[in-house]
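Notes to accompany the following structure.
The values are calculated or read from the model by the stated rules, or taken from the named source; none is laboratory data. Keep in mind that this is a model prediction, so the values were computed, not measured. Note that we place each Cβ from the backbone using ideal geometry, even for glycine, and neighbour counts take in every protein chain shown. Remember, those area values only see protein heavy atoms, side chains included, never the ligands or the DNA or RNA. Shrake-Rupley method; radii C 1.70, N 1.55, O 1.52, S 1.80 Å.
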Amino acid sequence: MKNRLANIISCCIAATAVTVTAIGLTGSRAGRDNLRCKDIEIKLLDSASNMFTTRENISRILNEEFGGYRNRLVDSVNLHRLESLMKKHKYIEECCAYFTPDGMLHMEVRQCTPVIKLETDSTKWYLDRKGECFPIMKDWSSGILSVKGSPRIRDRKWTSRVAGMATWLENEDKWKGRVSRISCTPNGELTLRLEDRNERFLIGQPVKIKAKFRKIDRYIEKIASDSTCREYGYVNVKYYGQIVCK
């Protein structure tokens with residue numbers, strides 16, 4: 001009998017909760033139908049490290065390209081379209097937009113993070129983690145590693161590989177900060193120098209980076225450390241299973 005009574009009470013409580021929830025949702029829906037956007041709050045999640053855009057610039061984009069936001073009915077604002085519009089801009093990688101019950105539009109924006117710089121005689125570009133190029137700002141630039149010479153800026157496969165190499169170098173304790181210069185030939189082959197070495201290391205195309213840096217490491221530990229060997233100025237590690245010294 002006690003168990004049966006307990007089950008009846010539980011069912012009644014559950015039913016009441018469902019009713020209250022339904023009433024709350026209905027009330028929220030009714031209030032939301034006439035709710036208008038009163039203002040916007042823009043948060044740049046990485047403003048401490050990147051300064052490619054500003055809150056004012058994002059607000060300008062919304063006014064000029066999205067048709068504004070202030071005083072619009074909340075339900076008439078297509079948040080998915082707004083987010084997609086923002087991500088079309090080269091400096092913006094991610095955007096999340098949402099409304100709070102008071103009619104405030106919130107936007108959380110993450111800027112593109114440059115991993116390496118590409119420099120020709122006439123232009124300078126950043127690469128993000130995905131290998132996408134975006135221009136360097138005139139009033140701010142990031143002091144990151146550069147690839148100079150004739151980088152293949154229009155070759156998406158090549159830029160993706162270079163971005164992958166830069167990301168790997170940044171995450172490897174042994175090599176982080178040790179590469180001082182990288183030069184590039186018109187066919188996309190890379191030659192680099194290390195901060196603490198005089199040799200030029202030819203790594204060729206930016207592929208199989210881990211294996212090539214293992215060979216650089218092997219050269220430093222086994223060949224360059226041998227007192228009977230002369231000093232080399234040029235070390236080629238681009239060929240499989242070979243280290244060619246000159």
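Here is how the numbers come out for the structure above:
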| read-out | value |
| --- | --- |
| Charge dipole (debye, nearest 20) of the stretch 93-246; +1 at Cβ of Lys and Arg, -1 at Cβ of Asp and Glu | 880 |
| Cα centroid separation - the stretch 75-127 against the stretch 144-199, whole Å | 27 |
| Residues ILE220 and ARG81, FRET efficiency given R0 of 41 Å [Cβ-Cβ distance, rounded to 0.05] | 0.15 |
| Solvent-accessible heavy-atom area per residue, rounded to whole Å², over the stretch 101-246 at 1.4 Å | 57 |
| Distance (nanometres) between label positions extended 7 Å along Cα→Cβ at GLN205 and CYS96 | 3.9 |
| Dipole magnitude (debye, nearest 20) for the stretch 156-246, charges at Cβ of Lys, Arg, Asp, Glu | 380 |
